[in-house]
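Here is the structure we will look at.
The values are calculated or read from the model by the stated rules, or taken from the named source; none is laboratory data. From a predicted model like this one, the values you see are computed outputs, not experimental measurements. For neighbour counting, all protein chains shown are included, and Cβ atoms are generated from backbone atoms with ideal geometry for every residue, glycine included.
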Amino acid sequence: MTRPEGVVLVHGLWMHGIIMTLLERRIGHYGYQTGSFSYASLRLTLTQNADELAAFCGGLDFARMHFVGHSLGGLVILRMLEREPGLRVGRVVLAGMPYGESFAARRLERFPGGRAMLGRSVLEWLERGGPRHAGKHEIGVIAGTLGAGLGRLVAPGLPAPNDGVVTVEETWLPDMRDCIVMPVNHSGMLVSGAVARQVCEFIRHGAFRREPDGGA
(Lines give C-alpha, C1' and ligand atoms only; values in the text may rest on other atoms or scores of the structure.)
Protein backbone atom coordinates (compact mmCIF):
# COMPACT_ATOMS: atom_id res chain seq x y z
CA MET A 1 0.00 0.00 0.00
CA THR A 2 1.35 3.40 -0.99
CA ARG A 3 2.01 5.68 1.94
CA PRO A 4 0.26 9.05 1.72
CA GLU A 5 1.81 12.48 1.63
CA GLY A 6 1.16 14.39 4.82
CA VAL A 7 1.02 17.96 6.06
CA VAL A 8 2.33 18.88 9.52
CA LEU A 9 0.94 22.08 11.03
CA VAL A 10 2.77 24.08 13.71
CA HIS A 11 1.09 26.87 15.71
CA GLY A 12 2.50 30.16 16.96
CA LEU A 13 3.31 31.85 20.26
CA TRP A 14 0.94 31.36 23.25
CA MET A 15 -1.13 28.86 21.28
CA HIS A 16 -1.93 25.14 21.26
CA GLY A 17 -2.28 22.80 18.33
CA ILE A 18 -6.06 22.94 18.62
CA ILE A 19 -5.94 26.47 17.15
CA MET A 20 -4.93 24.86 13.84
CA THR A 21 -8.03 22.61 13.71
CA LEU A 22 -9.98 24.52 11.05
CA LEU A 23 -6.96 24.97 8.78
CA GLU A 24 -6.07 21.31 9.30
CA ARG A 25 -9.60 20.24 8.33
CA ARG A 26 -9.53 22.37 5.18
CA ILE A 27 -6.17 20.96 4.13
CA GLY A 28 -7.59 17.49 4.70
CA HIS A 29 -10.38 18.26 2.22
CA TYR A 30 -7.68 18.56 -0.43
CA GLY A 31 -6.76 14.93 0.14
CA TYR A 32 -3.80 15.24 2.48
CA GLN A 33 -3.24 13.39 5.72
CA THR A 34 -2.49 15.89 8.48
CA GLY A 35 -0.84 16.11 11.86
CA SER A 36 -0.81 19.07 14.27
CA PHE A 37 2.19 19.59 16.54
CA SER A 38 1.77 21.28 19.94
CA TYR A 39 4.76 22.66 21.79
CA ALA A 40 5.71 24.77 24.81
CA SER A 41 6.37 28.12 23.16
CA LEU A 42 7.20 29.89 26.44
CA ARG A 43 8.96 27.21 28.49
CA LEU A 44 11.26 25.61 25.90
CA THR A 45 13.82 27.19 23.59
CA LEU A 46 13.45 27.31 19.83
CA THR A 47 16.02 24.56 19.43
CA GLN A 48 14.36 22.34 22.03
CA ASN A 49 11.00 22.73 20.30
CA ALA A 50 12.62 21.99 16.95
CA ASP A 51 13.95 18.74 18.35
CA GLU A 52 10.51 17.91 19.76
CA LEU A 53 9.03 18.53 16.31
CA ALA A 54 11.60 16.21 14.73
CA ALA A 55 10.62 13.48 17.22
CA PHE A 56 6.95 14.07 16.40
CA CYS A 57 7.66 13.74 12.68
CA GLY A 58 9.60 10.55 13.32
CA GLY A 59 6.37 8.94 14.49
CA LEU A 60 4.46 9.78 11.30
CA ASP A 61 4.28 7.29 8.44
CA PHE A 62 4.17 9.74 5.55
CA ALA A 63 5.94 9.15 2.27
CA ARG A 64 6.76 12.84 2.23
CA MET A 65 6.04 15.58 4.75
CA HIS A 66 4.96 19.09 3.90
CA PHE A 67 4.92 21.75 6.63
CA VAL A 68 2.72 24.72 7.46
CA GLY A 69 3.92 27.08 10.18
CA HIS A 70 2.12 30.09 11.58
CA SER A 71 4.24 32.86 13.12
CA LEU A 72 6.69 31.35 15.64
CA GLY A 73 5.73 27.91 14.37
CA GLY A 74 7.49 28.69 11.12
CA LEU A 75 10.73 29.40 12.99
CA VAL A 76 10.39 26.07 14.80
CA ILE A 77 10.04 24.34 11.43
CA LEU A 78 13.06 26.11 9.94
CA ARG A 79 15.20 25.32 12.99
CA MET A 80 14.22 21.66 12.71
CA LEU A 81 15.05 21.56 8.99
CA GLU A 82 18.41 23.13 9.79
CA ARG A 83 19.16 20.41 12.36
CA GLU A 84 17.54 17.41 10.64
CA PRO A 85 18.61 17.39 6.98
CA GLY A 86 17.59 13.75 6.50
CA LEU A 87 13.83 14.20 6.87
CA ARG A 88 11.55 13.38 3.92
CA VAL A 89 10.53 16.99 3.38
CA GLY A 90 8.24 18.24 0.65
CA ARG A 91 7.17 21.89 0.54
CA VAL A 92 6.93 24.43 3.35
CA VAL A 93 4.43 27.27 3.82
CA LEU A 94 5.23 29.99 6.35
CA ALA A 95 2.32 32.27 7.26
CA GLY A 96 2.89 35.48 9.18
CA MET A 97 6.37 34.44 10.26
CA PRO A 98 8.98 37.11 11.01
CA TYR A 99 12.27 35.80 9.67
CA GLY A 100 15.10 38.15 10.48
CA GLU A 101 13.60 40.61 12.95
CA SER A 102 10.38 41.61 14.73
CA PHE A 103 9.49 45.21 15.52
CA ALA A 104 6.63 44.10 17.79
CA ALA A 105 8.73 41.58 19.73
CA ARG A 106 11.50 44.12 20.32
CA ARG A 107 8.97 46.57 21.71
CA LEU A 108 7.32 43.97 23.95
CA GLU A 109 10.75 42.94 25.23
CA ARG A 110 11.11 46.43 26.77
CA PHE A 111 7.89 46.18 28.78
CA PRO A 112 7.98 45.06 32.45
CA GLY A 113 7.55 41.30 32.23
CA GLY A 114 7.88 41.46 28.47
CA ARG A 115 10.67 38.91 28.24
CA ALA A 116 8.60 36.41 30.21
CA MET A 117 5.67 37.02 27.87
CA LEU A 118 7.86 36.38 24.83
CA GLY A 119 9.18 33.13 26.26
CA ARG A 120 12.37 31.19 25.69
CA SER A 121 11.75 30.31 22.03
CA VAL A 122 11.34 33.91 20.87
CA LEU A 123 14.20 35.09 23.09
CA GLU A 124 16.56 32.51 21.59
CA TRP A 125 15.62 33.76 18.13
CA LEU A 126 16.06 37.43 19.07
CA GLU A 127 19.39 36.83 20.77
CA ARG A 128 20.98 34.24 18.47
CA GLY A 129 19.35 34.97 15.14
CA GLY A 130 16.96 32.94 13.08
CA PRO A 131 17.53 29.58 11.43
CA ARG A 132 19.71 29.67 8.38
CA HIS A 133 18.06 28.76 5.08
CA ALA A 134 20.21 27.94 2.10
CA GLY A 135 17.44 27.26 -0.41
CA LYS A 136 17.39 23.50 0.20
CA HIS A 137 13.59 23.42 0.43
CA GLU A 138 10.74 24.92 -1.55
CA ILE A 139 9.31 27.59 0.74
CA GLY A 140 6.24 29.72 0.19
CA VAL A 141 5.56 32.81 2.31
CA ILE A 142 2.15 34.29 3.13
CA ALA A 143 2.02 37.82 4.54
CA GLY A 144 -1.00 39.82 5.69
CA THR A 145 -1.93 43.48 5.31
CA LEU A 146 -4.96 43.83 7.60
CA GLY A 147 -3.20 45.74 10.36
CA ALA A 148 -5.36 44.87 13.35
CA GLY A 149 -3.89 42.88 16.21
CA LEU A 150 -2.05 42.76 19.52
CA GLY A 151 1.14 44.01 17.93
CA ARG A 152 -0.45 47.39 17.28
CA LEU A 153 -1.14 47.75 21.02
CA VAL A 154 2.35 46.87 22.29
CA ALA A 155 4.17 48.40 19.34
CA PRO A 156 2.65 51.70 18.22
CA GLY A 157 4.31 52.72 15.01
CA LEU A 158 4.48 49.17 13.64
CA PRO A 159 5.62 49.83 10.06
CA ALA A 160 3.02 49.35 7.35
CA PRO A 161 2.02 47.21 5.65
CA ASN A 162 1.53 44.68 8.44
CA ASP A 163 -0.90 42.04 9.70
CA GLY A 164 -1.24 43.66 13.12
CA VAL A 165 1.78 41.79 14.53
CA VAL A 166 4.30 41.16 11.74
CA THR A 167 5.23 43.50 8.92
CA VAL A 168 5.18 42.29 5.35
CA GLU A 169 8.89 43.08 5.01
CA GLU A 170 9.71 40.95 8.08
CA THR A 171 8.22 37.86 6.43
CA TRP A 172 10.55 37.86 3.43
CA LEU A 173 12.89 34.90 3.41
CA PRO A 174 16.09 34.57 1.35
CA ASP A 175 15.63 32.05 -1.46
CA MET A 176 11.89 31.64 -0.89
CA ARG A 177 10.23 29.97 -3.85
CA ASP A 178 7.15 32.21 -3.90
CA CYS A 179 5.33 34.75 -1.75
CA ILE A 180 1.86 36.25 -1.63
CA VAL A 181 0.39 39.19 0.27
CA MET A 182 -3.24 38.84 1.37
CA PRO A 183 -5.78 41.11 3.12
CA VAL A 184 -5.84 39.19 6.40
CA ASN A 185 -4.60 39.88 9.91
CA HIS A 186 -2.20 37.75 11.91
CA SER A 187 -4.62 35.41 13.67
CA GLY A 188 -7.14 35.59 10.83
CA MET A 189 -4.79 33.57 8.66
CA LEU A 190 -5.86 30.49 10.60
CA VAL A 191 -9.56 30.84 9.80
CA SER A 192 -9.37 32.23 6.27
CA GLY A 193 -10.62 29.94 3.54
CA ALA A 194 -8.59 31.88 1.00
CA VAL A 195 -5.40 31.33 2.99
CA ALA A 196 -6.16 27.59 3.23
CA ARG A 197 -6.60 27.43 -0.55
CA GLN A 198 -3.29 29.21 -1.09
CA VAL A 199 -1.54 26.85 1.33
CA CYS A 200 -2.78 23.87 -0.66
CA GLU A 201 -1.92 25.53 -3.99
CA PHE A 202 1.68 25.89 -2.90
CA ILE A 203 1.90 22.39 -1.44
CA ARG A 204 0.51 20.92 -4.64
CA HIS A 205 2.16 23.12 -7.29
CA GLY A 206 5.07 24.95 -5.65
CA ALA A 207 3.49 28.33 -6.37
CA PHE A 208 0.60 30.43 -5.10
CA ARG A 209 -2.39 31.20 -7.26
CA ARG A 210 -2.94 34.83 -8.12
CA GLU A 211 -6.65 35.50 -7.62
CA PRO A 212 -8.02 38.71 -9.18
CA ASP A 213 -9.93 39.79 -6.05
CA GLY A 214 -7.30 38.56 -3.56
CA GLY A 215 -10.22 37.71 -1.27
CA ALA A 216 -9.67 36.26 2.16
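Rundown of residues vs (1) surrounded by fewer than 18 Cβ atoms within 10 Å (Cβ to Cβ); (2) in a helix (DSSP H, G or I); (3) out of contact with any helix residue (DSSP H, G or I) (no Cβ under 6 Å at 6 or more places or on another chain), yes/no style:
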{"site": "W14", "(1), (2), (3)": "yes, no, yes"}
{"site": "L53", "(1), (2), (3)": "no, yes, no"}
{"site": "C57", "(1), (2), (3)": "no, yes, yes"}
{"site": "P85", "(1), (2), (3)": "yes, no, yes"}
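Matching residues to (1) over 15 Å from H66 (Cα atoms); (2) of a type outside the set (A, V, I, L, M, F, W, C); (3) at pLDDT below 95:
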site: V7; (1), (2), (3): no, no, no
site: G12; (1), (2), (3): yes, yes, no
site: L23; (1), (2), (3): no, no, no
site: G31; (1), (2), (3): no, yes, yes
site: T47; (1), (2), (3): yes, yes, no
site: A50; (1), (2), (3): yes, no, no
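Candidates V166, V191: the one that is in contact with a helix residue (DSSP H, G or I) (Cβ under 6 Å, 6 or more places away or on another chain) and either in contact (Cβ under 8 Å) with a residue 24 or more places away in the chain or surrounded by fewer than 18 Cβ atoms within 10 Å (Cβ to Cβ) (or both) is V191.
Taking the stretch 154-163 as the range and being modelled with pLDDT of 95 or more and either buried (at least 17 other Cβ atoms within 10 Å of the Cβ) or of a type in the set (S, T, N, Q) (or both) as the test, the residues that pass are N162, D163.
Residues in the stretch 107-153 that are of a type in the set (A, V, I, L, M, F, W, C), surrounded by fewer than 19 Cβ atoms within 10 Å (Cβ to Cβ) and more than 14 Å from E82 (Cα to Cα): F111, A116, M117, L123, L126, L146, A148, L150, L153.
For the subset of the stretch 19-47 comprising residues that are assigned to a helix (DSSP H, G or I) and either free of Cβ contacts under 8 Å to residues at least 12 places away in the same chain or in contact with a Cys (Cβ under 9 Å, 6 or more places away or on another chain) (or both), which member is farthest from P131 (Cα to Cα)?
H29
Do the conditions hold for F62, that is, is it of a type in the set (A, V, I, L, M, F, W, C), surrounded by 18 or more Cβ atoms within 10 Å (Cβ to Cβ), more than 17 Å from the chain's Cα centre (by Cα) and not in a helix (DSSP H, G or I)? Steps first, please.
Values: of a type in the set (A, V, I, L, M, F, W, C): yes; surrounded by 18 or more Cβ atoms within 10 Å (Cβ to Cβ): yes; more than 17 Å from the chain's Cα centre (by Cα): yes; not in a helix (DSSP H, G or I): yes.
Judged against the criteria, F62 is a match.
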